[in-house]
Each structure stands twice: as C-alpha cells, then as structure tokens.
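What follows is a set of notes on a single structure, which appears directly below.
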Amino acid sequence: MVSVIARIPVKEDRVAACLAALEELTASVAQEPGALLYTVNRAAGEPHTLVVMERYRDQAALDAHSSAPYLQSFFARLPDFLAGKPQVTVMEELLSI
C-alpha cells in the first residue's frame, strides 16, 4: 500500500472555504476504486493547518488519483487558500492494523 500525508497551511480567513473545497474533493475520491482512506484533519494546536491522510491500494491507484481532473481542479484553487507551502510525504506502508 501507499500512504500520503499532506500538511496544508491555510490562511485564517480561508479555512472554511478550503474545507468546503476539500469536502467536494473527498466525495470524488470516495469513488476511486484504489482509494482506501482519505481523511481531512486539523492539526492539534495549529488551527489553520489541515492535514490530509490518504491510503491507496498501490502506486497505480495513487497515480490515477494524482491525474484525476477533480484533483487538478482543486490544485488550481489551492493557491487562494494557502498561507505557506504544503508539505506532502508519500510513503510505502509496511505495517498497519
């Protein structure tokens, strides 16, 4: 499996709009056959940092997700929300429960 963690620093006045855009995105990702987990979280002690945790069946599923038109549409809107550079970590999952 492939896991991804994306930390997104959001402008204080754009958090609600970013969450709305992520809600739309999450509904589309839920239809992807290789997407196993996609959650949007708020970092503890960092009210303007959203953390997206993702899990995909394999690299091909992540590649399909990455090229999906709805993700590209979200990325086009993302600069309006950002308070800094997002940090994205892609990992090979070794153990899970």
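Nothing in this text is a laboratory measurement; each read-out follows from the coordinates by a stated rule. The structure presented is a predicted model; accordingly, all values stated were derived computationally and were not measured. Reconstructed Cβ throughout: ideal geometry from the backbone, glycine too, with neighbour counts over all protein chains shown.
Restricted to the range 1-31, and to residues there that are of a type in the set (Gly, Ala, Ser) and touching a residue at least 12 places away in the same chain (Cβ under 8 Å), the residue that is nearest to Thr89 (Cα to Cα) is Ala6. Under 13 Å from the mean Cα position of the chain (by Cα) and either closer than 18 Å to Lys85 by Cβ or touching a residue at least 40 places away in the same chain (Cβ under 8 Å) (or both) - does that describe any residue in the range 32-43? No, every residue in the range 32-43 fails to be under 13 Å from the mean Cα position of the chain (by Cα) and either closer than 18 Å to Lys85 by Cβ or touching a residue at least 40 places away in the same chain (Cβ under 8 Å) (or both). Scanning the range 22-51 for residues that are of a type in the set (Ser, Thr, Tyr) and touching a strand residue (DSSP E or B) at 6+ places or on another chain (Cβ under 7 Å), we see that the one that is nearest to Met1 (Cα to Cα) is Tyr38.
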